[in-house]
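Novice: One structure coming up, written as structure tokens, with questions to follow.
The values are calculated or read from the model by the stated rules, or taken from the named source; none is laboratory data. Worth saying up front: this structure is predicted, and the values here are computed from it rather than measured. For neighbour counting, all protein chains shown are included, and Cβ atoms are generated from backbone atoms with ideal geometry for every residue, glycine included.
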Amino acid sequence: MEIHWKEAGDIRDAVREEVDQRLQELAGEHRDLIDIRIAAKPNQHHRHGGQEVHIVCQARGREIVAARTRPDLELALHDAIRAFERAVRKLRERRTTLRVQQPAQPPHFGVVDRIFAEDDYGFILTDEGDQVYFHRNAVTGNLVFDALREGARVGLNFEAGLEGLQATSVVAPPPGARVA
């Protein structure tokens, strides 16, 4: 996970370090938070005024945004961080609930069409003819991302992503699974 600060020169170093630590703790063992951008700027809105903090995070096919405006920049930052933490917890709870509801066997099968190991992603061509993006984090079970090769048979679950179909899980097909 990478954290990028933009236009945050008025935020004390100690506060930045505290926020970085909170975000690292939030990430913990999870690998779902990829890139976090924190931007601070004055807000000229007549009603709220003050300072505005935006947090934008790429998180496994989703974008999480939290923004707060307060008279004090550091107060706006802390409020935005709290809102961001709530959004991440909510996203993880939804994923856990979905994971429990998904069937044991993947409903779709296909072959690895292209793989870009150095960039941690690839594409699967399903038996139905759909091209599905997958990230290394979607590879689960007894499959290992670095061992995948083009042409490998896989089972998968997928959903609509920001730019097309995206695998939510990629697993080895069960023994006796139908072959296209």
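Novice: Is it true that some residue in segment 9-24 is surrounded by 17 or more Cβ atoms within 10 Å (Cβ to Cβ), more than 22 Å from the chain's Cα centre (by Cα) and aliphatic (A, V, I, L, M)?
Specialist: Initial filter on segment 9-24 (surrounded by 17 or more Cβ atoms within 10 Å (Cβ to Cβ)): 11, 19, 23.
Within this subset, residues satisfying the condition of being more than 22 Å from the chain's Cα centre (by Cα) are 11.
Going one step further and asking which of them are aliphatic (A, V, I, L, M), we end up with 11.
Within segment 9-24, one or more residues are surrounded by 17 or more Cβ atoms within 10 Å (Cβ to Cβ), more than 22 Å from the chain's Cα centre (by Cα) and aliphatic (A, V, I, L, M).
Novice: If you don't mind, another one. Return yes when Phe158 is touching a residue at least 40 places away in the same chain (Cβ under 8 Å), in a strand (DSSP E or B), crowded, with 18+ Cβ neighbours inside 10 Å and not acidic (Asp, Glu) and no when it is not.
Specialist: On the way: touching a residue at least 40 places away in the same chain (Cβ under 8 Å): yes; in a strand (DSSP E or B): yes; crowded, with 18+ Cβ neighbours inside 10 Å: yes; not acidic (Asp, Glu): yes.
Yes; evaluated as a whole, the condition is true for this residue.
Novice: Sticking with this structure for a sec: Looking at (1) surrounded by fewer than 11 Cβ atoms within 10 Å (Cβ to Cβ); (2) more than 25 Å from Arg89 (Cα to Cα); (3) among the charged types (D, E, K, R), which is the one condition that is false for Lys41?
Specialist: (1)
Novice: Something else: With (1) within 22 Å of the chain's Cα centre (by Cα); (2) crowded, with 18+ Cβ neighbours inside 10 Å as the list, and Thr126 as the residue in question, which single condition is left unmet?
Specialist: Going through (1) within 22 Å of the chain's Cα centre (by Cα); (2) crowded, with 18+ Cβ neighbours inside 10 Å one by one, Thr126 breaks only (1).
Novice: Now for a separate question. Applying the selection to segment 68-88, what residues are assigned to a strand (DSSP E or B) and not β-branched (Val, Ile, Thr)?
Specialist: Arg68, Arg70
Novice: Considering each of Glu93, Glu85 in turn, give the residue that is modelled with pLDDT of 90 or more and either among the β-branched types (Val, Ile, Thr) or in the same structural domain as Ile64 (by TED's automatic domain parsing) (or both).
Specialist: Selected residue: Glu85, the only one of Glu93, Glu85 that is modelled with pLDDT of 90 or more and either among the β-branched types (Val, Ile, Thr) or in the same structural domain as Ile64 (by TED's automatic domain parsing) (or both).
Novice: Same structure, new question: When only residues in segment 48-94 that are under 29 Å from Ala167 (Cβ atoms) and among the basic types (Lys, Arg) count, which is surrounded by the most Cβ atoms within 10 Å (Cβ to Cβ)?
Specialist: Going through the qualifying residues, I end up with Arg60.
Novice: So which of Ala40, Ala59, Ala104, Ala67 is among the aliphatic types (A, V, I, L, M) and modelled with pLDDT of 90 or more?
Specialist: Details: Ala40 fails: modelled with pLDDT of 90 or more; Ala59 fails: modelled with pLDDT of 90 or more; Ala104 fails: modelled with pLDDT of 90 or more.
Step by step, each of Ala40, Ala59, Ala104, Ala67 is checked, and only Ala67 is among the aliphatic types (A, V, I, L, M) and modelled with pLDDT of 90 or more.
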